[in-house]
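Colleague: Structure incoming, see below.
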Amino acid sequence: MKTHMNIRVLLLALSIVGISLLHYLTPLHLHYLHDIFQRLYYLPIILAAIWFGLRGGLTCSLAVSVAYAPHILFQWGGELTLEMEKYLEIVLYNIVGAVTGLLAQRERERSIELQKTAEGLEQSYKKLQEQSEQLIEIEKNLRSAEKLSTLGEMAAVLAHEIRNPLGSIRGTAEILKDDYRPGDAKYEFIDIQIRETERLNRVVEDFLRMARPLPTETVRCRVQAELETVVMLVSNDARERGVTLVLDTPSTDVVVNGNGEKLRQAFLNIAINSLQATPAGGRLTISTVLSRVDEAAAMCEIKFCDTGKGIDRESLPRIFEPFYTTKPDGTGLGLAITRKIIEGHGGTLNVESLVGLGTTVLVRLPVLPTEENL
């Protein structure tokens, strides 16, 4: 910027010197050339006014006056009455420099004001956009809360109207099943009845888990221990599906403040979903790392990475919605319950997925500030 300004000043100085030399070196009898050179002085004056404003215009016009005045006084004889036109030209130089500089300076100031206004409008637009996104998120949360409220009412009704009769139906079916041997058609029908009763009971349990508030009592929980329990629970299912199950945890204990049973339930839901989405020959890797937030706090990052079929873009934003499912026999409550548990422990749950490549579920939980964790 400074170099650019210096170049402009040099150009103006050279133009004034050049025009002045033309005046001094041109014979006086060529008065028509002197008239042309006299008008050429307006070019540097106007350019200086445009480039540098009022101060630049006046400075340049004064420089022109100083350069042109000796030519009038010494070469033209200095007769005031005869050379009044040339003296008036000097006055015009300064008037043009002042007026043009003032107009250019006002235009520049107006441009700066307009630029500031544009920047202010842009910032206001960004704030409005952020507020709009926040309102959309709030509306989304309100809808989710409304669903949960409705779900709570439904769960209360289901617990009273369905759960008890299901228990009676299952107990009766188990008694009747003892009267028949495997291979008998009635034995198979009763067995189907018992399995379907158990499935309905699991649906009711999911409703109750979703609607039931999280327990307020928390204790110190070892993340590795909960994950090891989850791996033990799903290892047989993984073996039957032909999926390799890998647990990669740090050697030092990672301790969080929470409810071990609920965390285990959340991890188990994620692991089961990953196994169900991974074909034979695939792999599910569960890993744990510590990430530092600041000098006094850290987060535990638990990743569930599978090599399954992945989730398409249309379904990915909806996987946490209650009752949304792509499974024929699913309830659409598993991930919703899981996220509720994780968020209830002050953590976050994110899912990234590519169709045909697999899915990564990232759970982040605040770690207790112990010397081992930090």
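Colleague: Within the range 250-286, count every residue that is of a type outside the set (Lys, Arg), under 15 Å from Gly308 (Cβ atoms) and outside any loop (DSSP other than H, G, I, E, B). Break it down into steps so the answer makes sense when it comes.
Modeller: Here is the first cut: in the range 250-286, the residues of a type outside the set (Lys, Arg) are 250-261, 263, 265-282, 284-286.
Applying the additional criterion that residues be under 15 Å from Gly308 (Cβ atoms) yields 270-282, 284-286.
Those still in the list that are outside any loop (DSSP other than H, G, I, E, B) too: 270-277, 284-286.
Qualifying residue count for the region: 11.
Colleague: Another one. Pairs only if they're at least six apart or on different chains, beta carbon under 8 angstrom, first in the range 7-34 and outside the structural domain of Pro70 (by TED's automatic domain parsing) and more than 24 Å from Phe52 (Cβ to Cβ), second at pLDDT below 80 and of a type in the set (Val, Ile, Thr); list them, first residue then second.
Modeller: From the range 7-34, no pairs qualify.
Colleague: Can I ask one more? Can you pull out the residues in the range 279-302 that are more than 19 Å from Pro366 (Cβ to Cβ), in contact with a Ser or Thr (Cβ under 6 Å, 6 or more places away or on another chain) and crowded, with 21+ Cβ neighbours inside 10 Å? Write out each step before concluding.
Modeller: Just the residues of the range 279-302 that are more than 19 Å from Pro366 (Cβ to Cβ), to begin with: 279-286.
Keeping just the survivors that are in contact with a Ser or Thr (Cβ under 6 Å, 6 or more places away or on another chain) gives 282-284.
Listed by number, the list holds a single entry, Leu284.
Colleague: Just wondering, is there one or more residues in the range 232-252 that are surrounded by 19 or more Cβ atoms within 10 Å (Cβ to Cβ), aliphatic (A, V, I, L, M), under 33 Å from the mean Cα position of the chain (by Cα) and in the same structural domain as Gly356 (by TED's automatic domain parsing)?
Modeller: The answer is no, given that none of the residues of the range 232-252 is surrounded by 19 or more Cβ atoms within 10 Å (Cβ to Cβ), aliphatic (A, V, I, L, M), under 33 Å from the mean Cα position of the chain (by Cα) and in the same structural domain as Gly356 (by TED's automatic domain parsing).
Colleague: Just the residues that are part of a loop (DSSP other than H, G, I, E, B) and not hydrophobic (A, V, I, L, M, F, W, C), please, taken from the range 218-249. Steps first, answer last, please.
Modeller: Kept after step one, since they are part of a loop (DSSP other than H, G, I, E, B), are these residues of the range 218-249: 218, 242-243, 249.
The answer is Thr218, Gly242, Thr249.
Colleague: Given the criterion surrounded by 10 or more Cβ atoms within 10 Å (Cβ to Cβ), out of contact with any helix residue (DSSP H, G or I) (no Cβ under 9 Å at 6 or more places or on another chain), modelled with pLDDT of 80 or more and more than 30 Å from His23 (Cβ to Cβ), identify the matching residue among Leu135, Leu142.
Modeller: Details: Leu142 fails: modelled with pLDDT of 80 or more.
After applying the criteria, what remains is Leu135.
Colleague: For residues in the range 148-183 being farther than 14 Å from Arg195 by Cα and β-branched (Val, Ile, Thr), which is modelled with the highest pLDDT?
Modeller: Per the criteria, the residue is Ile175.
The values are calculated or read from the model by the stated rules, or taken from the named source; none is laboratory data. Because the structure is a prediction, the values reported are computed rather than measured. Cβ sites come from the backbone with ideal geometry, for glycine too, and all protein chains shown count toward neighbours.
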